[in-house]
1. Is it the case that the range 139-154 has a residue that's of a type in the set (S, T, N, Q), modelled with pLDDT of 90 or more and over 16 Å from the mean Cα position of the chain (by Cα)?
2. With respect to the numbered conditions (1) out of contact with any helix residue (DSSP H, G or I) (no Cβ under 9 Å at 6 or more places or on another chain); (2) modelled with pLDDT of 95 or more, which one is the sole condition not fulfilled by Y47?
3. Residues that are touching a strand residue (DSSP E or B) at 6+ places or on another chain (Cβ under 6 Å) and in contact (Cβ under 8 Å) with a residue 12 or more places away in the chain: does the range 183-199 have at least one?
4. Among the residues of the range 198-222, count how many are surrounded by fewer than 20 Cβ atoms within 10 Å (Cβ to Cβ), hydroxyl-bearing (S, T, Y) and touching a helix residue (DSSP H, G or I) at 6+ places or on another chain (Cβ under 6 Å).
5. List the pairs whose first member sits in the range 5-22 and is assigned to a loop (DSSP other than H, G, I, E, B) and surrounded by 14 or more Cβ atoms within 10 Å (Cβ to Cβ), whose second member is at pLDDT 75 or above and of a type in the set (D, E), and whose Cβ atoms are under 8 Å apart, counting only residues at least 6 apart or on separate chains?
6. Could you check the range 187-236 and list, in sequence order, the residues that are in a loop (DSSP other than H, G, I, E, B) and of a type in the set (G, A, S)?
Amino acid sequence: MVNTHFQLPYLNTDQCMLRPRQKEHGSYGLIFERPNFYLCDELLICYPSQVVGNNRRYGIITTVPYRLREGRKNNITIQCEQRRKEFCFEEKNRHLCKLGQPGSTIWHGLMIKTEDINRNPSNPPVLVTTISLSITKQKYEIKETLKFHIKFGRMEDLFTRVILENNTHKSNQLLLGNDNNLLREYISKVDKGAHLHKYAALWALGLDLLPTSAERNLHLFVYKGCACSINVWVNC
């Protein structure tokens, strides 16, 4: 398995404020692309959770209604926490695991897999890409799609949407699965004290992943299986 730590410059005001000589607002996200007919055993991307309860880096503590539960029983969280321990065990990484550093708090993550769900060898393959997350039990399926974008918000909001792209078609920004209903319900109840963890899904990924205004770097820890052909880029 290939694993890599990426540290990327980040400024959270880029999505809503233009810098000098900047012509377009920044938009952060991940782009995934898979060669035709290839599979992916696993692509795990871990990150320091921003809104989990124990995150006190930079002296900022998320208030209770906007926290996500630690999700210890969630398989993705368990895997990322194991990766964090392995990362911090290495002497060369110790400085990144001290108090206030990305290895000092709980890691959440997302897992990408592509499998052939066709069980009849006489029929053509049916390739399905699955997205699993620490912050929800929901799984999101994308069928017969070679390229997709996970966008962590825009100038108007920080809700995560997905763009699906094939050779002949590119979709608008979409809320997958039941996210539209969950997001609507959360927005309608947030001023009454609704707790984020009850409605969290893919739409909330950017809230958990993107750093706060006190931080200037986005840390991603990528673990790619030997049988995964998917390439991934950060869009910023």
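1. Pass one, the range 139-154, residues of a type in the set (S, T, N, Q): 145.
Narrowing the set further to residues that are modelled with pLDDT of 90 or more leaves none.
Looking through the range 139-154, none of the residues is of a type in the set (S, T, N, Q), modelled with pLDDT of 90 or more and over 16 Å from the mean Cα position of the chain (by Cα).
2. With respect to (1) out of contact with any helix residue (DSSP H, G or I) (no Cβ under 9 Å at 6 or more places or on another chain); (2) modelled with pLDDT of 95 or more, Y47 is out only on (1).
3. yes
4. Selection size over the range 198-222: 1.
5. Note: pairs meeting the criteria are Y10/E215.
6. Once the filter is applied, which keeps residues that are in a loop (DSSP other than H, G, I, E, B) and of a type in the set (G, A, S), the range 187-236 yields G193, A194, A200, A201, S213, A214, G225, A227, S229.
For (1) part of a loop (DSSP other than H, G, I, E, B); (2) touching a His at 6+ places or on another chain (Cβ under 6 Å); (3) under 16 Å from L176 (Cα atoms), each residue gets a yes or a no:
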residue	(1), (2), (3)
P124	yes, no, no
I142	no, no, yes
L158	yes, no, yes
V162	no, no, yes
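The values are calculated or read from the model by the stated rules, or taken from the named source; none is laboratory data. All values derive from a computational prediction rather than experimental measurement. Glycine gets a Cβ as well: all are built from the backbone with ideal geometry, and neighbour counts include every protein chain shown.
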